[in-house]
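One structure is given below, encoded as structure tokens.
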Amino acid sequence: MSSDAFDALAAATDPAMIVLTTADGDERGGCLVGFHSQSSIDPPRYSVWLSKANHTYRLALHSTHLAVHFLGAEQHDLAERFGTLSGDDTDKLAGLATEAGPHGVPLLADVPARLVVRRVALLDEGGDHVCLTTEPVRVDGRPPAAPLRLSACRDLDPGHGNEERHSPPTERAAD
């Protein structure tokens, strides 16, 4: 199989971008995500795939609840912040208007279209991402009229490469 052909086909889907946030105790984090989808109608489920390189992934392993924020086309600045900085050494939520959601999940005030979800399953089949299957527990706002798409974020350089793996569970927690 040609990886170039697969990459071209996958890129053609041009998914909407989200910011996923979570917290484990006093440590909080968030990351830009392009791999996400409704995954069941009854019962309702939403799945998010997180890079194993991300600080947020390591927080999510210990978290029961997460927030899925649906970005509008005008929110490239948030995509840049959550997609290019590393949570290993930066609190990406610092200086942003946030509120505590259920179970302490940080909610971005400037992104009112969001789901608060409870993690019900985790699938790690050996790739560079893991799938978190979740149950929606709260829905806020309305979807953006024009979502921010992956094609609008191609100028961003990720805070981590997909080949990275980290230990301990979070770098800032080890400090």
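I need the strands (runs of 3 or more DSSP E) fully contained in the stretch 43-109, keeping only those with at least 1 residues that are farther than 26 Å from Glu125 by Cβ.
65-70, 98-100, 106-108
I need every pair where a residue in the stretch 1-28 that is of a type in the set (Ser, Thr, Tyr) has its Cβ under 6 Å from the Cβ of a residue that is not in a loop (DSSP other than H, G, I, E, B), sequence separation at least 6 or different chains.
Thr21/Gly30; Thr21/Ala67; Thr21/Pro106; Thr22/Leu59; Thr22/Ala60; Thr22/Leu66
For the stretch 47-106, give me the residue count where each residue is buried (at least 18 other Cβ atoms within 10 Å of the Cβ) and of a type in the set (Asp, Glu).
Within the stretch 47-106, residues that are buried (at least 18 other Cβ atoms within 10 Å of the Cβ) and of a type in the set (Asp, Glu) number 1.
Can you tell me which residue among Pro106, Pro112 is under 14 Å from Thr21 (Cα atoms), out of contact with any Cys (no Cβ under 8 Å at 6 or more places or on another chain) and at pLDDT below 95?
The conditions single out Pro112.
Condition check: small (Gly, Ala, Ser) and over 16 Å from Val130 (Cα atoms). Does Ala53 satisfy that?
Taking the combined requirement at face value, the residue does not satisfy it.
Can you list residue pairs whose Cβ atoms sit under 9 Å apart, with the first residue in the stretch 119-135 being of a type in the set (Gly, Ala, Ser) and the second being at pLDDT 95 or above and in a strand (DSSP E or B)? Count only pairs 6 or more apart in sequence or on different chains.
Taking only residues 6 or more apart or on different chains, the pairs are Ala121/Arg45; Ala121/Ser47; Ala121/Cys131; Ala121/Leu132; Ala121/Thr133; Ala121/Thr134; Gly127/Trp49.
The values are calculated or read from the model by the stated rules, or taken from the named source; none is laboratory data. Everything numeric here is computed off the predicted structure, so don't read it as measured data. Note that each Cβ is placed from the backbone with ideal geometry, even for glycine, and that neighbours are counted across all protein chains shown.
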